[in-house]
Amino acid sequence: MKRMTSREIRDMWLKYFSSHGHKIVPSASLIPQNDDTLLWINAGVTPLKRYFDGSEVPISKRLTNIQKCIRTNDVDNVGVTRRHHTFFEMMGNFSIGDYFREEALGFAFELLTGKEWFDIPVEKLYVTVFPDDVDTINRWISLGILPEHIVRLSDNFWEIGPGPCGPDTEIFYDRGKKYDFDGKALKHFLKGEDNERFIEIWNNVLSQFNSEEGKERSEYKELPSKNIDTGAGLERWACIFQDADSNFDTDLFLPIINKIEDLSGVMYDGSMPFKVIADHIRALTFALSDGATFGNVGRGYILRRLLRRSVRFGKKLGLDGLFMYKLVEVVVENMKDVYPYLEKKEARVKALVMQEEQLFNRTLKDGEKKLAELMDESIDKTISGADVFKLYDTYGFPYELTLEYLNENGYTTNKEEFDKYMAKQKETSKSNVHHENVMSTQNEALLNFTLPSEFVYDKYKLKGKVIGLFNKDKAVDKITKEGLVVLDKTCFYATGGGQVNDTGIMTCPTAKARVLDVNKAPNGQNIHQVKILSGVIKVGDTFDLLVDEDKRKRIECNHSSVHLLQYSLRSLISKEISQAGSKVDEQTLRFDFNYSGKISDNELIEVENKVNELIAAKIKREVEVKNINDVDRNEVMALFDEKYHDTVREVTFGNSHELCGGTHTKNTSNIKKFAIIDFTSKGSNVYRIEAATGDRIESSLLESSKQYNDEIVKLVIKAKSIISEAKNNGIKLKFEPVLPKEEYDSYKDIVSLKNTLLSLQEEVKNLEKEYNKVKEEKFVKELSFLEEDIKEVNGNKYLLKLVADMDINSLKQVMDNLVNENDNLFILIVNQMKSNINFLARSNSSINAGTVIRDVTNRCGGNGGGSNKFAQGAGKDISEINDIFDEILNGKYNE
């Protein structure tokens with residue numbers, strides 16, 4: 001058996017399958033494109049789903065890849081076990097309707113045991129199979145797997161809802177008695193339980209059936225296109241072929257671990273902090289390089305959590321300063337031979353990581369302050385599990401770190417309560433996770449339809465012959481009302497690349513139909529959804545095709561404007577700007593992009609002017625069809641990981657070069673004029689520009705102008721209301737906003753209009769803040785009479801008061817002031833409001849405010865709670881309030 005580097009393992013995998021007719025597919029981005037069912041690419045098959053469910057037929061039926069993946073559903077186990085990772089690489093080989101069980105298992109056996117390949121002794125291999133899958137059992141035996149090494153497990157069936165499913169067979173490597181710590185590894189393995197001796201290295205999914213809801217597996221029908229989907233974790237293979245104790249002791253992780261040793265001055269001993277940091281920095285570097293950013297939701301929140309977890313473990317190694325950003329260059333250096341693009345992204349990634357580390361350090365200080373407040377408010381030296389969880393969830397404090405602080409200061413907490421909140425959060429997270437490889441049901445009729453169909457660019461009229469008709473998932477000879485039509489040639493564009501489909505009319509001497517929608521069939525033909533207006537459509541009929549030319553030309557102008565916009569953004573603002581999505585129709589265009597910096601209004605104006613300069617320059621469109629390998633990746637904009645076909649279409653306008661299958665105007669002068677309608681941040685460093693072109697600008701700007709204008713009017717009315725209310729209450733405001741007139745009609749200057757709105761929003765916000773502050777100060781001053789109601793009984797002071805329609809925040813301020821000025825004081829204020837009754841308690845005496853509020857609100861038909869110093873609640877009935885006041889004065893709650 002050979003000793004191999006991770007690079008050698010990669011190369012041998014791809015070399016083997018390439019030699020057996022598999023097309024090598026480059027790794028897709030970690031961020032799924034045009035797939036909202038999941039946050040990350042999390043398996044080798046994920047970018048290929050459209051091939052497996054039959055929605056698209058690949059250029060080759062045999063594929064192989066090494067796919068970057070991220071999984072974070074079990075992040076707490078990273079560093080605990082030898083094999084859990086957030087970022088990993090999955091080696092795979094795939095057959096889409098080509099070979100099946102016989103060949104797939106033969107490939108696996110030959111690659112693993114062949115002398116010229118990985119040369120693993122056959123006695124080291126074990127396999128698990130689905131008990132009813134007799135064909136797989138017999139095939140393994142025929143190849144040479146020992147019968148006693150074949151384990152039947154009922155879990156070996158891959159199924160995630162309706163669609164393709166089937167048995168799977170896993171391959172395990174026996175690491176030997178050295179890793180049989182308790183002598184029970186074989187027993188664990190036979191039960192399907194994880195252990196350190198028998199390690200899964202490869203899984204072959206035999207996608208054979210079509211899963212249907214409400215049916216037993218024995219009733220599932222065979223798929224029209226049977227598929228092979230495999231996955232082999234590179235990290236596990238590196239562990240085996242480098243005879244390492246764990247995945248972390250391989251050339252994929254050791255360079256990072258060695259750098260952590262240098263930074264911390266602590267030697268690596270296999271401990272958890274080294275593993276967590278090394279794993280997480282790989283995930284962060286690759287995710288950020290692929291366009292993800294830190295944030296509070298979705299992908300951004302996951303990355304933020306990984307960084308904060310790393311920083312916390314760094315503290316265990318004495319790494320108190322910024323250190324994570326220093327590890328980025330190690331990841332890049334270690335992986336750049338395989339992923340060259342990492343070098344170009346290194347500076348940006350380091351900056352993002354450093355910025356996030358700084359933010360977390362500030363958050364930790366806030367958390368320490370909050371924890372100190374909680375300890376200060378506690379009378380029994382106990383912090384609730386709920387508060388400890390809040391520290392974890394809001395400030396990133398793990399339970400262990402909080403416990404260290406508490407123990408140092410003689411405090412404790414309720415671990416069971418904390419665990420309850422953690423379990424609830426994990427359950428919520430699971431419910432929000434999509435199935436990782438959900439697929440559609442295969443459409444056999446469309447899958448089997450392979451007649452070629454050509455889309456002809458730059459045509460609005462064309463003759464096309466009907467070569468296929470479909471109705472209710474079946475091929476038919478004719479349609480009389482509605483259905484799907486495939487033509488040998490068409491000028492109707494199918495939805496794709498962010499561009500909407502064409503619509504129009506198709507006519508022949510015996511029929512007329514309206515084209516409502518156009519989409520891509522699995523084998524790449526444009527398939528037209530039509531509604532018949534007259535006659536019957538039959539296979540063989542020749543139609544005159546007429547695209548809605550005005551609509552198409554507007555779409556072409558908008559699509560070309562997207563190219564000019566992206567070019568202008570990258571030219572004027574930053575080369576780091578990368579497309580995150582787009583939508584083009586006949587009305588407007590939308591362009592989403594990733595960018596970690598800020599964009600000013602002046603920069604937007606410059607971008608808009610740049611696009612208009614390109615339009616005025618009357619640049620002729622050029623189109624060149626070329627091999628993907630001939631494309632200059634430094635010059636041409638493209639999502640290269642989404643391009644699996646050898647032939648691509650490069651669209652050029654001057655210095656703007658993009659790979660694009662959409663339709664475009666022949667000359668930029670046809671666009672006439674370009675205007676940005678709106679610019680918004682979508683969070684996590686993703687921005688959106690909406691724009692219009694030509695004669696649609698005025699109507700679009702008017703619409704936006706009206707929207708902004710309406711918001712401005714509302715703000716003006718609100719500001720005037722606050723000013724009027726202040727005067728009625730005898731309050732003189734130092735600050736009053738400069739209010740524009742109610743009607744703002746300069747729609748031609750949309751940026752100025754939006755700036756007016758943003759400025760006014762800030763001014764009204766400041767006005768409201770000032771008014772509330774002055775009102776509260778005035779109210780607090782007026783409430784000083786409450787001090788006269790303080791009673792002293794047996795050395796204890798009480799303020800028990802029933803009031804009506806008082807401002808809650810002002811009452812709290814008054815109560816705080818009185819407690820600060822009086823020792824041994826207990827306050828209970830009952831505030832009758834229009835819709836409910838508020839109860840507020842404040843104490844610096846032996847009376848526990850929380851206990852009083854819980855008891856009193858319960859007696860008054862409500863509920864409440866709080867700490868020993870402050871508590872609040874609500875109720876419905878205060879008929880007993882005088883009795884309650886008497887009970888308090890008589891010492892009922894005195895401790």
Next on the checklist: Using only alpha-carbon positions, what ratio does the radius of gyration of segment 444-547 give when scaled by 2.2 N^0.38 Å?
Outcome noted: 0.95
Next on the checklist: Using the Cα centre of the chain as the reference point, and only Cβ charges (+1 on K/R, -1 on D/E), how large is the resulting charge dipole? Debye, rounded to the nearest 20.
Outcome noted: 1900
Item to check | Alpha-carbon Debye profile of segment 175-268, log10 I(q)/I(0) at 0.21, 0.23, 0.24 Å⁻¹ | outcome: -1.04, -1.11, -1.14
Item to check | Spatial separation of Cα centroids for segment 475-502 and segment 281-346, in angstrom | outcome: 46
Next on the checklist: Just to confirm the filter: which chymotrypsin sites (Phe, Trp or Tyr not before Pro) across segment 594-668 are DSSP coil and have at most 12 other Cβ within 10 angstrom of their Cβ?
Outcome noted: none
Checklist outcome for this item: Rounded to the nearest 0.05, FRET efficiency between Arg649 and Asn73 (Cβ-Cβ, R0 60 Å) equals 0.95
Checklist entry - Which residues in segment 164-179 place their backbone N less than 12 Å from a point set 7 Å from the Cα of Lys2 along the Cα-to-Cβ direction? => result none
Next on the checklist: Suppose R0 equals 45 Å. What FRET efficiency, 1/(1 + (r/R0)^6) with r the Cβ-Cβ distance, do Glu787 and Glu213 give to the nearest 0.05?
Outcome noted: 0.05
Item to check | CD proxy at 222 nm, helix term only [per DSSP H run n ≥ 4: -39500 (n - 2.57); per residue of the chain; nearest 500] | outcome: -12000 deg cm²/dmol
Item to check | Nonlocal Lys pairs with alpha-carbon distance under 18 Å, segment 552-694 (8 or more apart, or different chains) | outcome: 21
Checklist entry - Between rounded, prolate and oblate, where does segment 501-588 land on the alpha carbon gyration tensor, with a ≥ b ≥ c its root eigenvalues, rounded for a/c under 1.5, else prolate if a/b exceeds b/c? => result prolate
Checklist entry - Quick one: length gained pulling Tyr457 to Ser681 fully straight, 0.36 nm per residue minus the C-alpha distance? => result 77.1 nm
Item to check | For segment 6-249, size of Cβ-based charge dipole, Lys and Arg +1, Asp and Glu -1, in debye | outcome: 480
Checklist outcome for this item: Here the relative contact order (percent) of segment 444-547, from C-alpha pairs under 8 Å and at least 6 apart, is 34
Checklist entry - Do any GluC sites (Glu not before Pro) in segment 53-151 lie in a loop, going by DSSP, with at most 11 other beta-carbon atoms within 10 Å of their beta carbon, and if so which? => result Glu116
Next on the checklist: Between Ser835 and Val122, what is 0.36 nm times their sequence separation minus the Cα-Cα distance? Round to one decimal in nm.
Outcome noted: 248.9 nm
Checklist outcome for this item: segment 362-399 scanned against label point 7 Å out from Glu895 along Cα→C-beta; backbone N under 11 Å for 378-382
Checklist outcome for this item: For segment 552-658, averaging the sequence separation of alpha carbon pairs under 8 Å that lie six or more residues apart and dividing by its residue count, the contact order in percent is 25
Next on the checklist: Based on the alpha carbons, how large is the Rg to Rh ratio for segment 790-889 when Rh follows Kirkwood?
Outcome noted: 0.93
Item to check | Rounded if a/c under 1.5, otherwise prolate or oblate - segment 552-694, Cα gyration tensor axes | outcome: oblate
Checklist entry - Percent relative contact order of the chain, based on C-alpha pairs within less than 8 angstrom and at least six residues apart? => result 7
Checklist entry - Hey, got a sec? Which trypsin sites (Lys or Arg not before Pro) in segment 592-668 land in a DSSP loop and have at most 15 other Cβ atoms within 10 Å? => result Lys598, Lys618, Arg633, Lys643, Lys666
Item to check | Net dipole in debye of segment 790-889 [+1 Lys, Arg Cβ; -1 Asp, Glu Cβ; about Cα centre; nearest 20] | outcome: 240
Checklist outcome for this item: Of the candidates Gly864, Ala185, Ala244, the farthest towards the positive dipole end of the chain (Lys/Arg Cβ +1, Asp/Glu Cβ -1, centred on the Cα centre) is Ala244
Checklist entry - Is segment 6-249 best put as rounded, prolate or oblate by its Cα gyration tensor, with a ≥ b ≥ c the root eigenvalues, rounded for a/c under 1.5, and otherwise prolate when a/b is larger than b/c, oblate when not? => result rounded
Item to check | Two-site FRET efficiency, Lys727 against Phe181, from Cβ-Cβ distance with R₀ of 56 Å, rounded to 0.05 | outcome: 0.10
Checklist entry - Hey, which of these cross-link pairs are over 31 Å Cα-Cα: Lys61/Lys178; Lys226/Lys551; Lys714/Lys778? => result Lys61/Lys178; Lys226/Lys551
Item to check | Positive-pole candidate from Ser759, Asn685, Thr665, dipole of the chain, charges at beta carbon | outcome: Thr665
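Any read-out appearing in this document is the output of simple, stated calculations on the displayed coordinates, not a laboratory observation. Predicted model only: the values in this text are computed from it and were never measured. Please note: Cβ atoms are built from the backbone with ideal geometry, for glycine as well, and neighbour counts cover all protein chains shown.
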